[in-house]
Every structure is written in structure tokens, then in C-alpha cells.
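Working notes for the structure below.
The values are calculated or read from the model by the stated rules, or taken from the named source; none is laboratory data. All of these numbers come straight from a predicted model, not from anything done at the bench. All Cβ positions, glycine included, derive from the backbone under ideal geometry; neighbour counts span all protein chains shown.
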């Protein structure tokens, strides 16, 4: 066994060079500012203070709002879809899951360009509307277009974990619930949904996290300069060239994301080891953690 | 006694595969009935039809005299103990047991009282707050039984509930289950492939094979008077011998005529004769009606298993006495030891 441990060394080097080092650099950039020559740094927290300007905070809040909206709609569409697929024959399930996965094989840029041509002024939808005698609609470069693009791109990541948790569920639990007098609706809410919660939480994580930091989709479908926090960071690095401020904003976003993840995992632990099933108990503990 | 369940000419097909072929079965109030048979014999399917999880392809299911075809499981007055318990992992012991009562909107104090009483019945008092994952197999089993019984069903259906437990625990649970059944006075329909379990607990045993009921009877009837070769071989060990039914109370095999307690077969008809290994008596040479030689003796714990070879066949005999291989002995039987049944293939 001991010999094999040496085999992880290349991996550790890769991990350090490609993940740890860049992150350390971001931290370094975030807490410094240039002073005179390029090689001399000054430590400062001004980059962070600079961000708490109402204009910038508004961008952050908007990102979270659109991220939450995307996640909510993905959940509302994704759960029934996953449930319906899980009820199918096994061979049908394989095909349906494949159909949901196939779009993710195509580059995200391509898929998003397709939406540009569908939503644009002379695109598919407007052409159809005009031919039916309606007037043109401004679809592209709206928040709606951004949310639509994100839902389209991220919904497989909501459906797949929920589907997995539903198919892994012991079928005899459903039968036991019927046997004890619960009708199908009661069984769904008291048993099926609760036991699929881990899949739901994974789905929420996998949609919400990329959604709040997404910058390609808002750029192409939203059009605006500072539409979302992802674009804001990108601009700081590429257009403005203020790596220090960009790094600080990245760190703020990362910290918020880490807090969010911690909450999700904590909540997941509670639902898995739920000792008391009284209504709202899980949520109460969730709120308590939030206060800390 | 009152009939609770009547299964009338029940058949079931799954994708063209016939698993039940015309089952007729009456279950009476307060009895402990066991469906016994090898895997794939249709015993579990029969139970699932009673519970409402499967609909019969043909035939009727009457419950309290009323046809319950199409009545979903959640509207039936029966409860099931599942093979792998199927306890809800997201609830503790108390909530698992209280599930059925909560669904029926029973008042909270009543639920508490009933659950507490059930936990006492299954020897789990004080386990209310336990997570079901912290329980041993035997404890989970008790929770599953309590969860079903707390609803006071008219019939409790049990699908191989002791299958996952080790031998010793299984024996303890067999006795406990039987005493619980006596205490609550509910009809139990119990599915198992373990013949010993069936003999220990049941009032009535239903032996099934290939989707057909082979025999229905009390444990003693099934053991002592098996109706055919399958039942004789499935329940306990036996010597099965082809012989002739000379006339009422007289059969012939191995060139000897024996008195027996059976009647009602045709005179001169071919029959199968079951001799239980523990019923055959070994006597000193010259004192019995069949002569042979001891060819092997194996120690089995409580008894020895001895093979005695005669001119015609080998007999398997269980005895507590030791016989040297090579010893010449005689065998003999009393009328009670001889069980006559229809020959193979005619049932």
C-alpha cells in the first residue's frame, strides 16, 4: 500500500499548479494594490471597500435574483420531468435520459448562439409573429432571455440528480405507505418527495452555483455591459485591466458561494439524519444556522 | 368460524408467465395460516394479491364476503410486514409506527397511547426516538410488525419477515410472533419457504408449488399425512417407496404386506408410501419383517442418520442408538408409521 501512495505525487503537483496557485494569486491580488513600480505591492483592503458601492452591490443582488429565479424554475420543471422519467420502463428511461444529456455534448457557446438567432429581432419567433400579423417583440437582450438561456443550459443538472434519487428509492417504501392507508398524493409528499430531497439539494447546488457566476449567457443574451457579477469580474480583468479589484470581487463571490454550499450541506445532513420529523423542524435549524 | 378471505379460482400471469393457476383458499378469523413453498411457487404473489399490490388475472378475492377487486391497498383493512421491513428511513421509530394512525387523523394522545402499547408488545419500550438505522435487524423487524399491527387490521400479511435474521434470532422471533398473534387475536397470513418455521407457528399450512396448492392442513396433517410426493419431500425428510394398495388398511411393498391406517384408495392401485426416517425401527436380525445391512452412519447432533441397505432399496433412518456399519439388522414398522398417498403425477 505504501508504495502506491507515491503515485499521488503527480496529481498533487497538478492540483497545486492549476488550482491552489491560481487561487493564492487571486487572494494576493485581492489584498494588494500597485504602488509605483509593477514589482512592488502594497497590502490594502481598499479593493473590498470599493465594492460596497450601491452600484456594484446592485449587480450582485441582481445576479442572485436571476440565479434564484433560474434555480426555482429549473426545479419546478425538472422535478416533474425527473418523476415522469423515473416512472417509465427501464429501457425508455435510458433513452429519455440520453435525450436530456445530448445537448450538453454541444458547446455552450453554440447552444447559446442558437437562442440568439431564435430570439433576435429578425429571428425565428419574430418572423413567426410577423407572418401571423402580430408586431415584433423585443426578446433578446432582456433579463427574460438570460434566465431562459440559463434554464435551457442548466436544467439537465437539475433533472439528473433528482432522477437518480427517485430511481434509487426502495419501491417497497411506497408500497408500505399505501399499505398503511396513505393515498398516492399523501405518499408522494410524506415519502417520495422527502426521500428524494438529497437529489433536489444536489440539483439546486448544481444549477444555482453556475447560474450566479455565469458570464457567457448574460453577455450573449443580455447584451448589457455590467449585467451580472460574472460579467463584472470578466470586465475588470479584460476590459478595465484592474486585476486587484476583479480579484477582490471574485473572492467576495467565492465566500458567498462557500457559505451557501455550507448551508446546503448542513441542511442535507439534517434531512438525512432527521431524528424528529415534526413539521418545520428542519427549516428551524436551517434558520438558526443562518443567524450564526 | 368466520371466513375473512376467500380466494376463488385465482390465476395470475406476468408477461405471459403463469405464476398462479386456479387458487382456492379460505382464510378464517383468528387463524395463523402459512403459505409454504419453494421460491417461485406463487406464495408471495398470492399475498400481494390479498394486500392489493397485484390484481389477479382471473378469479375473485372476497374480503368479509365482499368482492374487493380493484380496491387499492390504502383502502383495504389489511396490513403487511414486508420482507425487508420497508421502514421509512426519514422517520424515527415512533413516527414509523404512528404513520398509519396519523394518516387516519387519529388524535395525538390516542396515537401516543397506541404506539406506546405496541412498543411494549414487541419489547421495544423506550425506543421511540431511535433512528431506524441505529436498530439491529431483529429490532427493525419488531418495528415493522408494530407499525402494521397498530392499525388493528383484520388480517396481517407477513412476507418472509424472518428471512434476513440469523438462525437463533429467527427461532426467538417465531415464538414471539406466535404469542403476539394469540395476544392480539388477529388473523395472520404468513409466507415462508422454511418448513420448520411453518410447522412451529401455524394453525393451517398451505403447501404450494408451481402456482398450485398441493395440500392444506394442520402441521400434523401435513407432516404425517402428506397428500403427494412433493409435500412429503418438501416437509421433513422421508423415504418414498412405490407400493400397492392391497385393500383398506393394508399395503404391500418390498414383498411384505403391512397394516396401515389409510383407506379409500382403489384396491390393487399403485401408491406412494412415505416413511419418515425417525419412524422406522431397527431391530436385531431375525426380529423384523425387512432385513438389511447397515452401510453408513453419520452423526447429526441429536441423532444418527443410518443407511440400511436391503435387497431392494436403501432406507434412511434416524435413531439415537449407534449401529456399527456392516451389522445385519431387521427393520419394522407399525401401522401409524406408514403414510399412503397418490403416486407422483396424478395430483
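Summary table below
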{"item": "Which numbered condition residue B:87 misses (of (1) within 12 Å of chain A (Cβ to nearest Cβ); (2) in a loop (DSSP other than H, G, I, E, B); (3) touching a strand residue (DSSP E or B) at 6+ places or on another chain (Cβ under 9 Å))", "result": "(3)"}
{"item": "Condition met for residue A:42 (over 23 Å from residue A:253 (Cβ atoms) and not in a helix (DSSP H, G or I))", "result": "yes"}
{"item": "Pairs with Cβ under 8 Å, 6+ apart, first in segment A:46-70 and without any contact (Cβ under 8 Å) to a residue 40 or more places away in the chain, second surrounded by 15 or more Cβ atoms within 10 Å (Cβ to Cβ) and in a helix (DSSP H, G or I)", "result": "A:57/A:51"}
{"item": "Count - residues of segment B:85-95 that are in contact (Cβ under 8 Å) with a residue 40 or more places away in the chain, under 20 Å from residue A:185 (Cβ atoms) and touching a helix residue (DSSP H, G or I) at 6+ places or on another chain (Cβ under 6 Å)", "result": "2"}
{"item": "Segment B:64-84, subset without any contact (Cβ under 8 Å) to a residue 60 or more places away in the chain and part of a strand (DSSP E or B), residue farthest from the other protein chains (Cβ to nearest Cβ)", "result": "B:67"}
{"item": "Odd one out for residue B:165, checked against (1) in a helix (DSSP H, G or I); (2) more than 12 Å from every other protein chain (Cβ to nearest Cβ)", "result": "(1)"}
{"item": "Evaluation of residue A:96 against (1) crowded, with 16+ Cβ neighbours inside 10 Å; (2) closer than 16 Å to residue A:221 by Cα (one fails), failing number", "result": "(2)"}
{"item": "Hey, residue B:152 within 14 Å of another protein chain (Cβ to nearest Cβ) and surrounded by fewer than 16 Cβ atoms within 10 Å (Cβ to Cβ) or not", "result": "yes"}
{"item": "Positions within segment A:22-39 being assigned to a loop (DSSP other than H, G, I, E, B) and crowded, with 17+ Cβ neighbours inside 10 Å, in sequence order", "result": "A:31"}
{"item": "Wholly enclosed helices (runs of 4 or more DSSP H) of segment A:55-143 bearing at least 1 residues at pLDDT below 90", "result": "A:108-119, A:124-131"}
{"item": "Residue match in segment B:118-125 (condition: within 12 Å of another protein chain (Cβ to nearest Cβ), more than 30 Å from residue B:193 (Cα to Cα) and at pLDDT below 95)", "result": "no"}
{"item": "Segment B:90-107: number of residues that are assigned to a loop (DSSP other than H, G, I, E, B) and at the interface with chain A (Cβ under 8 Å from one of its Cβ atoms)", "result": "3"}
{"item": "Count of segment B:256-270 residues which are free of Cβ contacts under 8 Å to residues at least 40 places away in the same chain, part of a loop (DSSP other than H, G, I, E, B) and in contact with a strand residue (DSSP E or B) (Cβ under 8 Å, 6 or more places away or on another chain)", "result": "3"}
{"item": "Which numbered condition residue B:133 fails, given (1) exposed (fewer than 13 other Cβ atoms within 10 Å of the Cβ); (2) touching a helix residue (DSSP H, G or I) at 6+ places or on another chain (Cβ under 8 Å); (3) at the interface with chain A (Cβ under 9 Å from one of its Cβ atoms)", "result": "(2)"}
{"item": "Matching helices (runs of 4 or more DSSP H) fully within segment A:151-241 where at least 1 residues are away from chain B (no Cβ under 14 Å)", "result": "A:197-213, A:229-235"}
{"item": "Any chance residue B:43 is surrounded by fewer than 21 Cβ atoms within 10 Å (Cβ to Cβ), away from every other protein chain (no Cβ under 14 Å) and under 28 Å from residue B:220 (Cα atoms)", "result": "no"}
{"item": "Matching residues in segment B:53-63 - criterion: being farther than 23 Å from residue B:193 by Cβ, touching a helix residue (DSSP H, G or I) at 6+ places or on another chain (Cβ under 9 Å) and not in a strand (DSSP E or B)", "result": "B:55"}
{"item": "Unmet requirement for residue A:120, which otherwise passes all of (1) surrounded by 15 or more Cβ atoms within 10 Å (Cβ to Cβ); (2) under 30 Å from residue B:147 (Cβ atoms)", "result": "(2)"}
{"item": "Some residue of segment A:256-264 being over 18 Å from residue A:150 (Cα atoms) and outside any helix (DSSP H, G or I)", "result": "no"}
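This table checks each residue for (1) crowded, with 19+ Cβ neighbours inside 10 Å; (2) touching a strand residue (DSSP E or B) at 6+ places or on another chain (Cβ under 7 Å); (3) free of Cβ contacts under 8 Å to residues at least 12 places away in the same chain; (4) not in a strand (DSSP E or B).
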position	(1), (2), (3), (4)
B:272	yes, yes, no, no
B:278	no, yes, no, yes
B:293	no, yes, no, no
B:306	yes, yes, no, no
B:329	yes, yes, no, no
